[in-house]
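**Q** So that we are looking at the same thing, I have put the structure below in structure tokens.
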Amino acid sequence: MIFGSGQRDALGKVAAQLGRRALVVTDERLAADATFQAMVAQLKAEGVSVRVDGSTLPEVPVETAIASAEAARDFAPDLVIGVGGGSCLDMAKCVAVLLTHGGTPQDYYGEFMVPGPVMPLIAVPTTAGTGSEATPVAVLSDSERQLKVGISSPHIIPTVSICDPDLTLTCPPALTAIAGADALTHAIEAFTAIRRDPVPGLAQERVFVGKNATSDHFALTAIGLLWHGLEAACTDGTDAQARAKVMMGAMTAGLAFGVAGTAAAHAIQYPVGALTHTAHGQGVACLMPYVLAWNAPRIEAELDQIAGAIGVSNRDAVIPAIAALFGRIGIPRTLQDLGLAEDKLDWVAEQSCGIARLIQNNPRPLPLEDMRRLVGAAYHGKLDVLETN
């Protein structure tokens, strides 16, 4: 991991050590950007042949990843570089899997389904949110399943990540807020995830093993960085110090949840996002205060530590403070505000319970009746209903 202002200029030299034929995966807007084109020129100056694929779409529809890999086969790349937001990085990961192992993305859904290493992969994030530059996850949208789906494998952790916060300086306030709120949710869910007995072999049985000393270190670091940088970066996009805090926070949150995993806020967002077509970061951040309120009886020690990291008086002040921050940067307060129809609450609860790998990671169990209460509280904005239980 290479982090710092101006470090994008290392791309050419880094890539030349890993391959000679680079497929650069990005989106249509970035492909025309002068800074992106300068990075392509660096690659060529180091003797790397380049093909640019600007076909990435938001949420990475499965069909686009298949088409991208097919279109690249005649170029025969030996290196994939993802440049852009989380969708571009996830697209690059998926394309690297398909180019290396063949098949379709559906062959690799779930955990440990990628059969071996993929071709070298470089991630260059231009937003600070998903943490995909540090994680073993690629998230796609599958129209047949009407839900997001994930490929989770240590083999898709990037070989090199180049994190240059200067690339986020032009990120608009709304996208900065959504991406940063996603990162803060990653950090909080990783820090408050279930703690499993660390039996030998646990990490070979689960990609996400639950909270542990390593993930706690990165998660708490990320919470502090994002708390102190996110609102400032949304208010003044030219604040380089705030931008660096947010990008470092997103990266360290990725290092945390890439090991520990996420939990109920992410589980509920998947069906909510499928119905409302709203941004992932908006959904998980909207849900986070309600999930924290539900989990509060099981995470008192963690709430004490979060209080210290964000500078509030005690654990009881944490959830209101996080909800207030999200409100100030424009995150919807309720599922109703996100556009969810009230007659879909039961369906959302049922679908959320079905995402077992995330629900099993939640520190307090969520059987269907309790999930219905939680989803209802998040729809009606009734935090106090959860805090009294």
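The values are calculated or read from the model by the stated rules, or taken from the named source; none is laboratory data. Fair warning: this is a prediction, and the values are worked out from it, not measured in the lab. Reconstructed Cβ throughout: ideal geometry from the backbone, glycine too, with neighbour counts over all protein chains shown. In case anyone asks, the SASA skips ligands and DNA or RNA and just uses the protein heavy atoms, side chains included. Shrake-Rupley method; radii C 1.70, N 1.55, O 1.52, S 1.80 Å.
**Q** Going through Val149, Val139 one at a time, which residue ends up being under 30 Å from Leu338 (Cβ atoms), in contact with a Lys or Arg (Cβ under 6 Å, 6 or more places away or on another chain) and surrounded by fewer than 24 Cβ atoms within 10 Å (Cβ to Cβ)?
**A** Val139
**Q** Right, another one. Scan segment 329-340 and give yes if some residue there is open to solvent by 30 Å² or more (accessible area, probe 1.4 Å) and part of a helix (DSSP H, G or I), otherwise no.
**A** no
**Q** Could I ask something else about it? Restricting the first residue to segment 12-35 and requiring it to be without any contact (Cβ under 8 Å) to a residue 40 or more places away in the chain and among the hydrophobic types (A, V, I, L, M, F, W, C), which pairs with a second residue that is part of a helix (DSSP H, G or I) and open to solvent by 70 Å² or more (accessible area, probe 1.4 Å) meet a Cβ separation below 9 Å and a spacing of at least six or different chains?
**A** If the second residue must be part of a helix (DSSP H, G or I) and open to solvent by 70 Å² or more (accessible area, probe 1.4 Å), the pairs left are Ala31/Gln37.
**Q** Look at Gly229 and say whether it is at positive phi and more than 13 Å from the chain's Cα centre (by Cα).
**A** Spelling it out, it is not the case that Gly229 is at positive phi and more than 13 Å from the chain's Cα centre (by Cα).
**Q** Another question, then. Assess whether Arg51 counts as being outside any loop (DSSP other than H, G, I, E, B), modelled with pLDDT of 95 or more and either surrounded by fewer than 19 Cβ atoms within 10 Å (Cβ to Cβ) or of a type in the set (Ser, Thr, Tyr) (or both).
**A** For Arg51, the condition - outside any loop (DSSP other than H, G, I, E, B), modelled with pLDDT of 95 or more and either surrounded by fewer than 19 Cβ atoms within 10 Å (Cβ to Cβ) or of a type in the set (Ser, Thr, Tyr) (or both) - is met.
**Q** I'd like to know if segment 348-355 contains one or more residues that are surrounded by fewer than 17 Cβ atoms within 10 Å (Cβ to Cβ), of a type in the set (Asp, Glu), touching a residue at least 60 places away in the same chain (Cβ under 8 Å) and more than 28 Å from Leu57 (Cα to Cα).
**A** No - not one qualifying residue is present in segment 348-355.
**Q** Out of Ala264, Ala219, Ala240, Ala260, report the one residue that is in contact (Cβ under 8 Å) with a residue 24 or more places away in the chain, among the aliphatic types (A, V, I, L, M) and open to solvent by 10 Å² or more (accessible area, probe 1.4 Å).
**A** Ala240
**Q** Still on this structure, please answer the following. Out of segment 314-323, which residues are open to solvent by less than 40 Å² (accessible area, probe 1.4 Å), without any contact (Cβ under 8 Å) to a residue 40 or more places away in the chain and either closer than 30 Å to Pro172 by Cβ or among the hydroxyl-bearing types (Ser, Thr, Tyr) (or both)?
**A** Val318, Ala321
**Q** Can you name the helices (runs of 4 or more DSSP H) wholly within segment 207-295 that have at least 1 residues being over 27 Å from Phe3 (Cα atoms) and of a type in the set (Val, Ile, Thr)?
**A** Fully inside segment 207-295 and qualifying: 264-276, 280-295.
**Q** I would also like to ask the following. Mind listing just one residue for me: the one in segment 142-170 that is assigned to a loop (DSSP other than H, G, I, E, B) and at pLDDT 95 or above and, of those, nearest to Val114 (Cα to Cα)?
**A** If we take residues in segment 142-170 being assigned to a loop (DSSP other than H, G, I, E, B) and at pLDDT 95 or above, then Ser153 is nearest to Val114 (Cα to Cα).
**Q** In addition: Is one or more of the residues making up segment 194-203 buried (at least 24 other Cβ atoms within 10 Å of the Cβ) and not aromatic (Phe, Trp, Tyr)?
**A** No - not one qualifying residue is present in segment 194-203.
**Q** Further question on the same structure: Confirm whether Gly82 is assigned to a strand (DSSP E or B), of a type in the set (Gly, Ala, Ser) and buried (at least 23 other Cβ atoms within 10 Å of the Cβ).
**A** In short, yes.
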